[in-house]
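K.L.:
Can you keep this structure in mind? I'll have questions shortly.
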Amino acid sequence: MKFSAILFCGVAALSAFAAPAFAKDWTKATITLEGAYAPWNLTNADGTLGGFEPELAKVLCERAKIECTLVASDWDGMIPALNAGKFDVIMDALSITEERKQVIDFTVPYAATPAAFATAKDSPLAKAAGTGATIKMTPGQTGVKEIDALKEAFKGKTIGIQAATVYAKFVYDNFGDIAEIREYKTGADRDLDLQNGRIDLGFDDAVYFANAFKSANDTLDFTGPEIVGSIWGEGEGLGIRKADTDLRDKFNVAIKSALADGTVKNLSMKWFKVDVSPQQ
C-alpha cells in the first residue's frame, strides 16, 4: 500500500528512543489500523473495526497466543507513533519496502496486490492504452513503453493520490513532470473529488479501488494496465519496531500457518473476491 519523506521526518530520532532489545513475553499487543481503507480495514457503524485485516488479525493473534487490541489511527503518522511506543503493530496494507526497513521491521508478507489508475467511466481518459492488461515493474525502472503511453495520455491532467504511500512515490517519479499531483489524507477524500470531477485520475491499490467503485455508484473504473512486481516491495506485512524481534517471530509463524492452510485465501476471497496471498 502506502512511502514518502513524510514517513521519515523525525523517524530516525524517534527510533533512537525505541524500546531496548530484550526478550519479552508477549501476551498482549496493540495493533493499529486506519479504519478507513475498505475492504482492507473499515470502521463499522458501531465503531468497531472490520474488513480483511481485522478478521485476519483475530486469526493471527489467536495462533500467536496474544491478546490483541485493535485501534484506529491516522495513516500518515503511524510509523513515528509505532517507534514512539504508542502501539506495537501496524496492520494497514503496509507495503514492505527497503526505505521502510531502515526504520522499522516487518513480518513476512500476508498479501501482495497490484495498483492501477482510476477515472470516471465517461472521461476521455477511460480505457487508456493497456486497460485490462498487467505489467510487471521493478523499483526505479524506467523506459517502460506502457508507462510512456500513459504519460502522453495524462499530460496536463490532475492525479490524486493518498499522501505518504508507495503509490504516491510512483506517481511523482513517473508523472510529476507532466501532470499536477494532488495529495489527500485519505483515499476516500480523493475518491470523492474524482467522482465529482475535481481531479481527472486517481492511483491506488487495485483491490481498494474495486471496492471504492461500488461506493461511487459504479461511475468510476480502471484505466490503463494494472502494475505488479517488486516496485511495490515484497507485499504487505505487519510493521513492528526493530527491537521487538520476538513479537515479529511470533507473527511470522502465525502468518505462515494462515497462508499454508488457506485462511488468508479464504478471507481475501470474502473481502476482495480475488486471492491476494503472496506467492510462496
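The values are calculated or read from the model by the stated rules, or taken from the named source; none is laboratory data. Since the structure is predicted, the reported quantities are computational estimates derived from the model, not experimental observations. Here the Cβ is made from the backbone with ideal geometry for all residues, glycine too, and neighbour counts use every protein chain on show. Accessible surface is based on the protein model in full, side chains and every heavy atom, while ligands, DNA and RNA are left aside. Shrake-Rupley method; radii C 1.70, N 1.55, O 1.52, S 1.80 Å.
K.L.:
Could you tell me which of the residues CYS61, CYS68 is of a type outside the set (Gly, Ala, Ser), under 17 Å from ALA254 (Cα atoms), in contact with a helix residue (DSSP H, G or I) (Cβ under 6 Å, 6 or more places away or on another chain) and not in a loop (DSSP other than H, G, I, E, B)?
P.N.:
Of CYS61, CYS68, the one residue that is of a type outside the set (Gly, Ala, Ser), under 17 Å from ALA254 (Cα atoms), in contact with a helix residue (DSSP H, G or I) (Cβ under 6 Å, 6 or more places away or on another chain) and not in a loop (DSSP other than H, G, I, E, B) is CYS68.
K.L.:
Identify the residue in region 148-168 that is of a type outside the set (Gly, Ala, Ser) and surrounded by fewer than 20 Cβ atoms within 10 Å (Cβ to Cβ) and, among all such residues, is nearest to the chain's Cα centre (by Cα).
P.N.:
Of everything passing the filter in region 148-168, THR158 is nearest to the chain's Cα centre (by Cα).
K.L.:
Would you please name the residue that is farthest from the chain's Cα centre (by Cα), looking only at residues in region 113-126 that are in a strand (DSSP E or B) and among the small types (Gly, Ala, Ser)?
P.N.:
So the residue we want is ALA120.
K.L.:
Does GLY233 meet the test of being open to solvent by 30 Å² or more (accessible area, probe 1.4 Å), at positive phi and in contact with a strand residue (DSSP E or B) (Cβ under 8 Å, 6 or more places away or on another chain)?
P.N.:
No; evaluated as a whole, the condition is false for this residue.
K.L.:
Let me ask something additional. Right, GLY262: crowded, with 20+ Cβ neighbours inside 10 Å and modelled with pLDDT of 95 or more or not?
P.N.:
no
K.L.:
Answer with yes or no whether ASN196 is under 26 Å from VAL264 (Cβ atoms), out of contact with any Cys (no Cβ under 8 Å at 6 or more places or on another chain) and open to solvent by 30 Å² or more (accessible area, probe 1.4 Å).
P.N.:
When the stated conditions are applied, ASN196 does not pass them.
K.L.:
Give me the strands (runs of 3 or more DSSP E) completely within region 127-207, filtered to those with at least 2 residues that are modelled with pLDDT under 95, ordered by residue number.
P.N.:
So the answer is none; nothing clears 2.
K.L.:
A further question follows. Out of (1) closer than 29 Å to GLY85 by Cβ; (2) open to solvent by 50 Å² or more (accessible area, probe 1.4 Å); (3) touching a Lys or Arg at 6+ places or on another chain (Cβ under 9 Å); (4) modelled with pLDDT under 95, what's the single condition that is false for LYS250?
P.N.:
Exception for LYS250: condition (4).
K.L.:
Tell me, please, whether a residue that is assigned to a helix (DSSP H, G or I) and of a type in the set (Asp, Glu) can be found in region 83-99.
P.N.:
yes
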